[in-house]
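Engineer: A single structure is presented below for examination.
The values are calculated or read from the model by the stated rules, or taken from the named source; none is laboratory data. Predicted model only: the values in this text are computed from it and were never measured. Here Cβ is always computed from backbone atoms with ideal geometry, including for glycine, and neighbour counts include all displayed protein chains.
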Ligand code: FES
């Protein structure tokens, strides 16, 4: 009955402890010393559009490890087998979530029997069929879901996130 | 779809942000947090030199990092009149929580009132008086003058029985030593009010009379005992939900170290599941007893432990009463108290008899007795016993808690490492009041006095009985009728002078009406009946001291302004006293007026010095406590050495028990024989209704949801209160998940959404208590024990569908709460 599969990317992220090079960071630039001029900043972070998979490679209840918006933010791409709000693809059933628990950042694992993501840290769980709603737990936000787009070739692109990802104060890391 | 804040980045705390000590003011555990504030037009940066953490925030931070905060930990608030950024995040250096945040505490910032982000606009900002058919904002002077003039008409020097008072007795959000002292000095010092009650029960009494009468204060251990023990014995408690970081940061490490767990609960809770995940099923014993049968179980455990010889004879001899009966059973003592031998005789119950009463196997009771008491390698088996509302608000409170303490005393497991027999607690504590001895014991049953038409003026301090009392349906009907008589009288005299208006009010109350003054932070449900509403501040909007479940005292430093003209409760109490003094003098009642002197405090700190400091050896001050930070000091505080307050890790380490006030300092055993469902009406209710309506709190919803009712994250999950029912029972009632049901019985009715719970037993449900849109107390009957302790847990009712799921309820998840790893 029990599904003990730990999402690999999340596991690696957790065990690694250290920090690898950061993707998606603007190259260091030399700012003019004077005159002082406010930098123009955007009101929201600019999300990259990253290909995270193709429809033909997805099987129901077999999550695929992805990372979005950069390599240090592990997630899963998941075909649920039934249409859900926010799902993409011809069946409206493809979703993607961060797998860093929004409580304390432990890696979530997928339990196919009730399509939830579960946390070994302090036992929180999140409903993948309902926008990542925390079914029960300690996090003060529901699970970050990645916005998806599918092109004509079936390629799936992640293009945004709807909550702050655990462990970063900007969803797109910036120096 | 689930609620999302759509926040994709947060302002970074700059290196020079102000830092304030904060103890979470929600549950008893009192996790340490830090509040950071800085000016609105400043921000930190990702470079280590530019932020408070001194780390590179352009990098992903790892699990358990102290260098991250969630959007719920952020807000913009007023500080000294200016808008500032506010982050309140868990303190990694606090020994209580070690940096963990609960689903409640990690939303403190989001649940502050903000004119900028629009959060908690429900907070009261100005005094209000009933005028022209509704509540009109007014000045403090105007509102307090009306309160004083009407109150002065119904009280006199030797008779204050027409003044009814409902007042919190806790620490934490609206309580604390400052505010219990302020209200206490008014009602028990200046006055001797007898007809009063506490926020969660219908009388002014202890929830744990028996353990105190036995000499054992109910908070006697240190949280570290969970890490030192061999066995955790948890009764009527669900700590992963209601004392979350006590469970995660202290119990769980103990369990992972190999401690066994015995849980007594008629319900399989998420705590049990978590213990099984951490320890393996073979280390966790769930005694799933019939609701209300705890006393029989404890007496059988006691009998078995004694029969096996697993008692600490030296301890019994040195530290407990020798003889027969020390305190006879009488109207103030629902059981006699006396020696070990007397208790062995009075409490005798065989394993088989208990098994029949409790509905669990005799072998499991024997196994529990061994896990609790069988010596390990010739030495005492360490066992921490922790109980809470399951028995406090359950059948035969006095005897049941007494029977549990018997086991701790017999095995020498109180006052020693890895031991303790403690309640877990709800709110934090912060009690400092003049003596309440004049109230008497049993104390008056205030709700019944109100229902019977007694009393004329009611002062309410942060109590919302409409949501959190028993027999709530009848209480609300009566309360609305009696307060409405006064409203109608006031409406009829619109335009009258103050004197004429007071006369009109007094004639309405003499005709059976009730004048209601409500002091609170929001306009509550009982506040809808009030005639004067006074706005209070809460923790963080004032300096506030409290202690947690291991008596750890901390100071929450004021980090923001209170909303509008709101004030600390202690200062409101002082202002009421001063207005009463003024009015009584005007009326020429100088002797009586003199009693209301001594409230000339300039701040909450003055109230603290007048109350706590003056009455506890004059050791603790704000400065000294502030210097102790979020780790504070464990009470009682015994001295000040080397710049530090010196506290007490655990009580009774010397084997001397004094909570009962006996000179011999010997603990007493409780002679409480099992006697079935004790409170009036319970047996009949059980016989006549299909479902047990067990009830309690849940992780997400703090108390009566007073702030959470305006928190989108919370209300998105449970838009209406839930009742957990087995899927087969749901099928028999024709229910789909989320359907709205009516729960109804001989005393009232309420509503809830049906939540399928496969682990529930047939015909046994669990409903969340205290919700704003479905008061569970409506179906709890008026039956209490001899000392007026309510019996919320033993409630039976029928259930029927009244509606399909509401649109909001249709959107939520109905999956199991039990983690699957
Ligand atoms: S990290 Fe997931 S529940 Fe704590």
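Engineer: What are the residue pairs meeting all of these: first residue in region B:248-266, first residue within 14 Å of chain A (Cβ to nearest Cβ) and touching a residue at least 12 places away in the same chain (Cβ under 8 Å), second residue within 15 Å of the ligand (Cβ to nearest atom) and assigned to a loop (DSSP other than H, G, I, E, B), Cβ atoms under 7 Å, and 6 or more apart or on different chains?
Structural biologist: Filtered contacts from region B:248-266: B:248/A:122; B:248/B:100; B:249/B:97; B:249/B:98; B:249/B:100.
Engineer: Go through B:441, B:423 for me and flag whichever is touching a residue at least 40 places away in the same chain (Cβ under 8 Å), surrounded by 16 or more Cβ atoms within 10 Å (Cβ to Cβ) and not assigned by the TED database to the domain that holds residue B:187.
Structural biologist: B:423
Here's the yes/no breakdown for (1) in contact (Cβ under 8 Å) with a residue 12 or more places away in the chain; (2) away from the ligand (no atom under 16 Å from the Cβ):
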site: A:72; (1), (2): yes, yes
site: A:75; (1), (2): yes, no
site: A:79; (1), (2): yes, yes
site: A:92; (1), (2): no, yes
site: A:115; (1), (2): yes, yes
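Engineer: Could you name every one of the helices (runs of 4 or more DSSP H) located completely within region B:542-619 that has at least 1 residues being touching a residue at least 12 places away in the same chain (Cβ under 8 Å) and crowded, with 24+ Cβ neighbours inside 10 Å?
Structural biologist: Numbers: elements: B:569-586, B:590-594, B:604-608.
It comes to B:569-586, B:604-608.
Engineer: Run down B:372, B:391, B:325 and say which single residue is modelled with pLDDT of 95 or more and closer than 19 Å to residue B:414 by Cα.
Structural biologist: The match here is B:372.
Engineer: Still on this structure, I have one more. Filter region A:128-147 down to the residues that are away from the ligand (no atom under 15 Å from the Cβ) and either free of Cβ contacts under 8 Å to residues at least 24 places away in the same chain or touching a strand residue (DSSP E or B) at 6+ places or on another chain (Cβ under 8 Å) (or both) and list them by number.
Structural biologist: Matches in region A:128-147: A:128, A:131, A:145, A:146, A:147.
Engineer: For region B:49-68, which residues satisfy the criterion of being within 16 Å of the ligand (Cβ to nearest atom) and over 14 Å from residue A:171 (Cβ atoms)?
Structural biologist: B:62, B:63, B:64, B:65, B:66, B:67 - these are the residues of region B:49-68 that are within 16 Å of the ligand (Cβ to nearest atom) and over 14 Å from residue A:171 (Cβ atoms).
One line per residue, one yes/no per condition, for (1) more than 16 Å from the ligand (Cβ to nearest atom); (2) at positive phi; (3) touching a strand residue (DSSP E or B) at 6+ places or on another chain (Cβ under 8 Å):
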position: B:244; (1), (2), (3): no, no, yes
position: B:259; (1), (2), (3): yes, no, yes
position: B:282; (1), (2), (3): yes, no, no
position: B:291; (1), (2), (3): yes, no, yes
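Engineer: Examine region A:58-68 for a residue that is within 13 Å of chain B (Cβ to nearest Cβ), assigned to a loop (DSSP other than H, G, I, E, B) and at pLDDT 75 or above, and state whether such a residue exists.
Structural biologist: Yes, the conditions are met somewhere in region A:58-68.
Engineer: Here is a further query. So, residue B:7, is that one touching a helix residue (DSSP H, G or I) at 6+ places or on another chain (Cβ under 7 Å), within 14 Å of chain A (Cβ to nearest Cβ), modelled with pLDDT of 95 or more and within 22 Å of residue B:241 (Cβ to Cβ) or not?
Structural biologist: Details: touching a helix residue (DSSP H, G or I) at 6+ places or on another chain (Cβ under 7 Å): yes; within 14 Å of chain A (Cβ to nearest Cβ): yes; modelled with pLDDT of 95 or more: yes; within 22 Å of residue B:241 (Cβ to Cβ): no.
No; evaluated as a whole, the condition is false for this residue.
Engineer: Go through (1) touching a strand residue (DSSP E or B) at 6+ places or on another chain (Cβ under 6 Å); (2) within 14 Å of chain A (Cβ to nearest Cβ) and name the single condition residue B:802 misses.
Structural biologist: All conditions are met except number (2).
Engineer: How many residues, within region B:774-816, are buried (at least 20 other Cβ atoms within 10 Å of the Cβ) and in a helix (DSSP H, G or I)?
Structural biologist: Qualifying residue count for the region: 5.
Engineer: Only residues that are under 24 Å from residue A:159 (Cβ atoms), more than 7 Å from chain B (Cβ to nearest Cβ) and surrounded by 24 or more Cβ atoms within 10 Å (Cβ to Cβ): list them for region A:114-133, please.
Structural biologist: A:117, A:126, A:128
Engineer: Give B:205, B:179 a once-over and let me know the one that is in a loop (DSSP other than H, G, I, E, B) and either touching a residue at least 12 places away in the same chain (Cβ under 8 Å) or not assigned by the TED database to the domain that holds residue B:74 (or both).
Structural biologist: Of the residues listed, the single one that is in a loop (DSSP other than H, G, I, E, B) and either touching a residue at least 12 places away in the same chain (Cβ under 8 Å) or not assigned by the TED database to the domain that holds residue B:74 (or both) is B:205.
Engineer: Restricting to region A:94-113, what's the tally of residues that are more than 10 Å from chain B (Cβ to nearest Cβ) and more than 13 Å from the ligand (Cβ to nearest atom)?
Structural biologist: Result for region A:94-113: 4.
Engineer: In region A:92-111, what count of residues is obtained for those that are under 26 Å from residue A:55 (Cβ atoms) and either surrounded by 23 or more Cβ atoms within 10 Å (Cβ to Cβ) or touching a strand residue (DSSP E or B) at 6+ places or on another chain (Cβ under 8 Å) (or both)?
Structural biologist: Matching residues across region A:92-111 total 13.
Engineer: Looking only at strands (runs of 3 or more DSSP E) that fall completely inside region B:212-319, which ones have 1 or more residues that are under 23 Å from the mean Cα position of the chain (by Cα)?
Structural biologist: It comes to B:231-235, B:260-264.
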